[in-house]
1. Taking the chain as a Gaussian network, Cα atoms linked when under 10 Å apart, which of MET51, MET21, MET12 shows the biggest mean-square fluctuation?
2. Report, in cubic angstrom per residue, the convex hull volume of the C-alpha atoms of the stretch 141-204.
3. Order these peptides, 190-202, 73-85, by their mean beta-carbon neighbour count within 10 angstrom, highest first.
4. If packing is taken as the average number of other Cβ atoms within 10 Å across a peptide's residues, how do 3-9, 118-124, 24-30 rank, most packed first?
5. Against the longest principal axis of the chain, how steep is helix 67-92, in degrees 0 to 90 to the nearest 10, with axes from Cα atoms?
6. How many times 2.2 N^0.38 Å is the alpha carbon radius of gyration of the chain?
7. For TRP56, TRP158, what ranking results if the residue with the fewest other Cβ atoms within 10 Å of its Cβ goes first?
8. Given contacts defined as C-alpha pairs under 8 Å and at least six residues apart, what's the relative contact order of the chain, whole-number percent?
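Just so you know, all these numbers are worked out from the coordinates, no wet-lab data involved. Just so you know, these numbers come straight off a predicted model, no measurement behind them. Cβ atoms come from the backbone with ideal geometry, glycine included; neighbour counts cover every protein chain shown.
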Amino acid sequence: MFSTYFTGLTLMATLIMPIGMQNAFVLNQGIRRQHHLFVATFCSLADAIFMSVGVWGGAKVFTTFPWLLTSIGILGAIFMFYYGSLCFKSAFAGGNNLQTDDKSRSFKAIVLACCAFTILNPHVYIDTIVILGGFAANLTAEERPWFVFGGVSASFIWFFGLSLLGQKLAPILSKPKSQQIIDFVIAIMMWVIAAYLLYYVVTN
């Protein structure tokens, strides 16, 4: 069973480790030291839920209703463009004073951002439900819980690692000039992802 656990862990790790919008958000919240452990927990639990759904047959939903991923892609592109615009605005304004910015950004806004970066990201569904779910179709009923446990472990290790890394680097990266650069990079990333999501919608 350990081999099945390790397979789930390594597969999930290869899917979530490449830099993406969710990873950038988690890291940036760690730098801001703003509900960063909640953000890491939210993303990890979301992966656990989606992976469980995929392993126990959820991939059939997207086969039956292909318009679901299309709708998610469109909404995701709109959100990414909007979030990228906010980051560009912050970057060109000369960077944030994080202490002032933290007070103005409510916990509710962070929760909504977590939901958007997770739920409006079609690749979350493709990775956790379609790819991992498809792989799990070859596993026995006894192996599947271990496979899910491995994937969930990778998710928790990765997101909490990002969050704590951001917190550790906060004294350096929370300076206005550093935050200005970070906001600019994230803005570009969000717009590139928005364009990619629209391309995905058109070609699929």
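1. The residue with the greatest mean-square fluctuation here is MET21.
2. Numbers: hull volume 5.3 nm³, N = 64.
Considering the Cα atoms of the stretch 141-204, their hull volume per residue is 83 Å³.
3. Ranked from most to least packed, the peptides come out as 73-85, 190-202.
4. Values: 3-9: 18.3, 118-124: 21.3, 24-30: 23.1.
Top of the packing list down: 24-30, 118-124, 3-9.
5. Between the helix axis and the principal axis of the chain, the angle is about 20 degrees.
6. Numbers: Rg = 17.7 Å, N = 204, 2.2 N^0.38 = 16.6 Å.
Expressed relative to 2.2 N^0.38 Å, the Cα Rg reads 1.06.
7. Values: TRP56 14, TRP158 20.
Ascending number of Cβ neighbours within 10 Å: TRP56, TRP158.
8. Details: 266 pairs, mean separation 101.5, N = 204.
Relative CO of the chain lands at 50 percent.
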